[in-house]
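What follows is one structure encoded as structure tokens, with my remarks underneath.
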Amino acid sequence: MAMTTRQRAKLSRGIQYALLVLVLIALVVLADWQVLYERVFNPAVIADQFPGIITIALKNTLIYTALGFVVGLTLGVILALMKLSSVAPYRWIATLYIEFFRGVPALLVFLALGYGIPLAFGFRFNHYVTVMIALGVVAAAYIAESLRAGLQAVPKGQYEAARSLGMSHTRAMVTIVIPQALRIVLPPLTNEVILLTKDSSLVYLLGMGLAQYELTKFGREGISGAGAGLTPLVAAGICYLIITVPLGILSRRFETKTDRVKKSS
Amino acid sequence: MSTSATENTQASTPSETPAVSVRGLNKAYGDLEVLRGIDLTVNSGEVVCLIGPSGSGKSTLLRCLNLLEEPQSGDITVSGFDVTDPDIDVDAMRRNVGMVFQHFNLFPHLTVLENCTVSQIKVLKRSKSEAEQTAMTNLERVGLAEKAQQRPGQLSGGQQQRVAIARALSMNPDLMLFDEPTSALDPETVGDVLAIMRKLANEGMTMLVVTHEMSFARDVADRVVFMDGGVVVEEGPAREVIGSPKHERTQSFLSRVLNPTKVDTPE
């Protein structure tokens, strides 16, 4: 019997719901909840993680992220301005840098700084300096591209109107163009902080003492404990989410805000 | 203080020095010659409309006057500044020349009032209260004083253009340049903007207007300049050029613009 389009859509939706319910029931029936509880989300093991997971691991993750962001933003601003420079060699250097560090795994950069340079040149940066450079040089490449796009997204007419009102180049950039570019760049910049937070887990590779453990390393050491199961990694994951989910919400909030401003130009 | 000084010098030398004087202006983008030997004079207090088909170089000419475009050769004097002098203080010249753009170019991150005060404060170094007073006077002139605290995005196109006019006027310019100020507007808001420009003209503002509004040009302009292919084809009193054009190219342009439905030869 022929069905109308609407009936067919209704049937299809019904099947999808039924499938979902079946899978959920199967999970509930088949899963060994006692084992899962003990080995994946064991409150006793979580309690063991405290307070170190906050006072050491979460704190260090935040510190590493902040250090990487400061270097990334500073270098990123310089690279973005170089990329927009009227002097061609500056543009080439910036392009080369950005393409290189966007194309190479961050892991490689960490290995180079943490092990390669000490082996090749026989000297070692301080732990925090290593992290700062490794996270910063990679983040800078992404941040530079966001900033460049933001500056270019401000319509040329804004600059021309400012100059027509007698503003100098610098004044027009500072008062009219850059504030608008920053609003455009805020969402991608927030996303960059999220990526940086996750990339800080690469610090895991470097040799370090307990006081320098960040969330991933702390979780990794945690699962070596007798009977700890997966729980320490789950706890670390939750800590990452505590940082990244609010940032994601913030980023979306910025996006709707800039949409409102953009509509008016 | 400095504004009163310029007013004094202007009063002592009335319309003898033209507000705008262009001699032999050439401008090219690569091989494309946009302006070829333009001569143009706008006297103080005069309203001149630039008309002509798109691509004729009207807007480029206007933009050369305040150096948004760099002319290749020729002599330009604008409100006493030698624009083609390489050592010109561009910012000082632009302070005296108001510009109104086709797409308004209001600053979306500032309120209507701040749009009108930012340059007064940052460039003319006026106090905030003085700048706001001047801005409010000019917003009243364009009938939008009650919108002062809103953002440009909350206004209609016609209202935005009126704010743009108030913003330019707040710098107390000697001369106003209008670059197709009504071309991007909804038809029903065009009238409001033209009414304000007409009022400005009646108040004695020196105006150079690139426009496709032929009735405005005919009724408000003292002179009309018809451009085509980068040259001035014909110029004269507004009613003569629009009412009884002498040049064949002016005639065909006007007949196409004034009777758009009667066009039967699509090139």
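Values computed for the structure shown
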quantity	calculated
Given (1) at pLDDT 90 or above; (2) surrounded by fewer than 16 Cβ atoms within 10 Å (Cβ to Cβ); (3) in contact with a Ser or Thr (Cβ under 7 Å, 6 or more places away or on another chain), index of the condition residue A:64 fails	(2)
Out of B:154, B:160, B:149, sole residue that is more than 9 Å from chain A (Cβ to nearest Cβ) and either out of contact with any strand residue (DSSP E or B) (no Cβ under 7 Å at 6 or more places or on another chain) or open to solvent by 10 Å² or more (accessible area, probe 1.4 Å) (or both)	B:149
Lone qualifier among B:83, B:118, B:123 - being of a type outside the set (Gly, Ala, Ser) and open to solvent by less than 10 Å² (accessible area, probe 1.4 Å)	B:83
Verdict on residue B:154 being in contact with a Phe, Trp or Tyr (Cβ under 7 Å, 6 or more places away or on another chain) and not aliphatic (A, V, I, L, M)	no
Filter pass, residue B:30 being closer than 20 Å to residue B:217 by Cα, open to solvent by 60 Å² or more (accessible area, probe 1.4 Å) and at pLDDT below 90	no
Residue list for segment B:62-80, filter: facing chain A (nearest Cβ under 9 Å), open to solvent by 20 Å² or more (accessible area, probe 1.4 Å) and part of a loop (DSSP other than H, G, I, E, B)	B:67, B:68
Considering residues of segment B:86-115 that are in contact (Cβ under 8 Å) with a residue 24 or more places away in the chain and more than 10 Å from chain A (Cβ to nearest Cβ) only, the residue least open to solvent (accessible area, probe 1.4 Å)	B:112
Qualifying positions in segment B:143-175 - under 16 Å from the mean Cα position of the chain (by Cα) and in a loop (DSSP other than H, G, I, E, B)	B:170, B:171, B:172, B:173, B:174
Hey, residue B:183 out of contact with any Cys (no Cβ under 7 Å at 6 or more places or on another chain) and either polar (S, T, N, Q) or on the phi > 0 side of the Ramachandran plot (or both) or not	yes
Residue that is nearest to residue A:224 (Cα to Cα) [pool: residues in segment A:1-40 that are open to solvent by 100 Å² or more (accessible area, probe 1.4 Å) and in contact with a helix residue (DSSP H, G or I) (Cβ under 9 Å, 6 or more places away or on another chain)]	A:39
Given (1) within 14 Å of chain B (Cβ to nearest Cβ); (2) touching a helix residue (DSSP H, G or I) at 6+ places or on another chain (Cβ under 7 Å); (3) under 21 Å from residue A:81 (Cβ atoms), index of the condition residue A:165 fails	(3)
Selected residue [within 22 Å of the chain's Cα centre (by Cα), assigned to a loop (DSSP other than H, G, I, E, B) and at pLDDT 95 or above] from B:105, B:115	B:105
Output for segment A:146-162, where each listed residue is open to solvent by less than 10 Å² (accessible area, probe 1.4 Å) and more than 11 Å from chain B (Cβ to nearest Cβ)	A:150
Criterion: open to solvent by less than 20 Å² (accessible area, probe 1.4 Å) and either more than 14 Å from chain B (Cβ to nearest Cβ) or farther than 30 Å from residue B:99 by Cβ (or both) - qualifying residue of A:133, A:143	A:143
Matching residues, segment B:18-61, being among the polar types (S, T, N, Q) and in a loop (DSSP other than H, G, I, E, B)	B:43, B:44, B:54, B:56
Filter result (of a type in the set (Gly, Ala, Ser) and more than 9 Å from chain A (Cβ to nearest Cβ)) within segment B:116-141	B:127, B:129, B:131, B:135
Residue list for segment B:180-215, filter: over 24 Å from residue B:60 (Cβ atoms) and in contact with a helix residue (DSSP H, G or I) (Cβ under 7 Å, 6 or more places away or on another chain)	B:186, B:189, B:192, B:196, B:198
Hits in segment B:49-61 (condition: touching a residue at least 60 places away in the same chain (Cβ under 8 Å), more than 14 Å from chain A (Cβ to nearest Cβ) and among the hydroxyl-bearing types (Ser, Thr, Tyr))	B:56
Segments classed as helices (runs of 4 or more DSSP H), wholly inside segment A:166-263, with at least 3 members that are buried (at least 19 other Cβ atoms within 10 Å of the Cβ)	A:178-199, A:215-222, A:231-263
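For (1) modelled with pLDDT under 90; (2) closer than 30 Å to residue B:63 by Cβ; (3) in contact with a strand residue (DSSP E or B) (Cβ under 6 Å, 6 or more places away or on another chain); (4) more than 14 Å from chain B (Cβ to nearest Cβ), each residue gets a yes or a no:
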{"residue": "A:172", "(1), (2), (3), (4)": "no, yes, no, no"}
{"residue": "A:176", "(1), (2), (3), (4)": "no, yes, no, no"}
{"residue": "A:195", "(1), (2), (3), (4)": "no, no, no, yes"}
{"residue": "A:205", "(1), (2), (3), (4)": "yes, no, no, yes"}
{"residue": "A:210", "(1), (2), (3), (4)": "yes, no, no, yes"}
{"residue": "A:226", "(1), (2), (3), (4)": "yes, no, no, yes"}
{"residue": "A:234", "(1), (2), (3), (4)": "no, no, no, yes"}
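The values are calculated or read from the model by the stated rules, or taken from the named source; none is laboratory data. Treat the numbers as computed from the prediction; the structure is a model and nothing was measured. Don't worry about glycine lacking a Cβ; one is built from the backbone with ideal geometry, like all the others, and counts go over all protein chains shown. Quick note on the areas: whole protein, heavy atoms, side chains included, nothing else; ligands and nucleic acids left out. Shrake-Rupley method; radii C 1.70, N 1.55, O 1.52, S 1.80 Å.
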